[in-house]
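*Asks:* Dropping a structure here in structure tokens format, bear with me for questions.
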Amino acid sequence: MSIPDKKALLNWATNYPLLWNAGDKQAWVDNWRAVAPGQFRMLDPVGTPEKVGFEECCLASWDLFQASVRFRIPDGQLFVCDNEVAWLLENHFEGPDGPQVEFSIETYQFQDNGDVVIRTYYRVPNHDNAALGDIF
């Protein structure tokens, strides 16, 4: 396999929040596997122990967050440079006082063997956070 080209990476990135928000798990998985059929490694967030494998890096996040979080990549906040994608992601969820938005910066490095390395940056909610604290 070769590194996905810019068109394939833009297609993946565009579909990532659309399929997530639609709740279409199989299409979301297929979208991932179209550009990353290999192994997964993830620092989520950077500074925590590395996660390994598609199940731990992607499917576990779906199962944990999909029902309560919606994603949006604001205009101008998606970057594709060679084999890497970076975005500023809006994470929308229902907080104790109504709708809430938290931001994350996420980078994805797609390798020529089909592997991907994911690095995320965000403020980890305190355990007393009524909306997300117990998840973390």
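Read-outs throughout are calculated quantities, based only on the coordinates presented, and are distinct from any laboratory measurement. For clarity, every value in this text was computed on a predicted model and none was experimentally measured. Heads up, the Cβs are rebuilt from the backbone with ideal geometry, glycines too, and the neighbour counts pull from every protein chain shown.
*Asks:* Taking every pair of alpha-carbon atoms in the range 37-89, give the share separated by more than 17 Å as a whole percent.
*Replies:* 55 percent
*Asks:* Let me ask something additional. Give a residue-ordered list of calculated ³J(HN,Hα) values for the range 46-61 (Karplus: 6.51 cos²θ - 1.76 cosθ + 1.60, θ = phi - 60°; whole Hz; x for Gly, Pro).
*Replies:* Values, residue by residue: 3, x, 9, x, 5, 9, 9, x, 4, 4, 6, 7, 10, 5, 5, 5 Hz.
*Asks:* Oh, and also: In degrees from 0 to 90, rounded to the nearest 10, what is the angle of the helix 25-35 Cα long axis to the longest principal axis of the chain?
*Replies:* Approximately 40 degrees, to the nearest 10.
*Asks:* Rounding to the nearest 20 debye, state how big the charge dipole of the range 12-136 is about its Cα centre with +1 on each Lys and Arg Cβ and -1 on each Asp and Glu Cβ.
*Replies:* Dipole magnitude for the range 12-136 comes out near 100 debye.
*Asks:* Quick check: pseudo-label points 7 Å beyond the Cα along Cα→Cβ at Leu88 and Leu18, how many nm apart are they?
*Replies:* Going from the Leu88 label point to the Leu18 one covers 2.3 nm.
*Asks:* Compute the length gained on full extension between Gln26 and Asp115: take 0.36 nm times their separation in residues and subtract their Cα-Cα distance, giving the result in nm to one decimal.
*Replies:* Stretched fully, the Gln26-Asp115 segment lengthens by 30.1 nm.
*Asks:* For the range 86-96, just list the computed ³J(HN,Hα) in residue order, Karplus coefficients 6.51, -1.76 and 1.60, θ = phi - 60°, integers in Hz, with x standing in for Gly and Pro.
*Replies:* Per-residue couplings from phi come out as 9, 8, 9, 10, 8, 10, 9, 7, 8, x, x Hz.
*Asks:* Calculate, in nm to one decimal, what Ser2 and Gln66 gain on full extension: separation in residues at 0.36 nm each, minus their alpha carbon distance. Please report the intermediate quantities before stating the final value.
*Replies:* Values: separation 64, 0.36 × 64 = 23.04 nm, distance 3.04 nm.
Using 0.36 nm per residue and subtracting the Cα-Cα distance, I get 20.0 nm.
*Asks:* What does the convex hull of the alpha-carbon atoms of the chain project to on average, in nm²?
*Replies:* Result: a mean projected hull area of 8.0 nm².
*Asks:* Mean residue ellipticity at 222 nm from the helices of the chain, using -39,500 (n - 2.57) per DSSP H segment of n ≥ 4 over the full residue count, to the nearest 500 deg cm²/dmol?
*Replies:* -7500 deg cm²/dmol
*Asks:* Could I ask something else about it? Mind checking the range 3-79 for GluC sites (Glu not before Pro) that DSSP puts in a loop (not H, G, I, E or B) and that have at most 16 other Cβ atoms within 10 Å?
*Replies:* Answer by residue number: Glu50.
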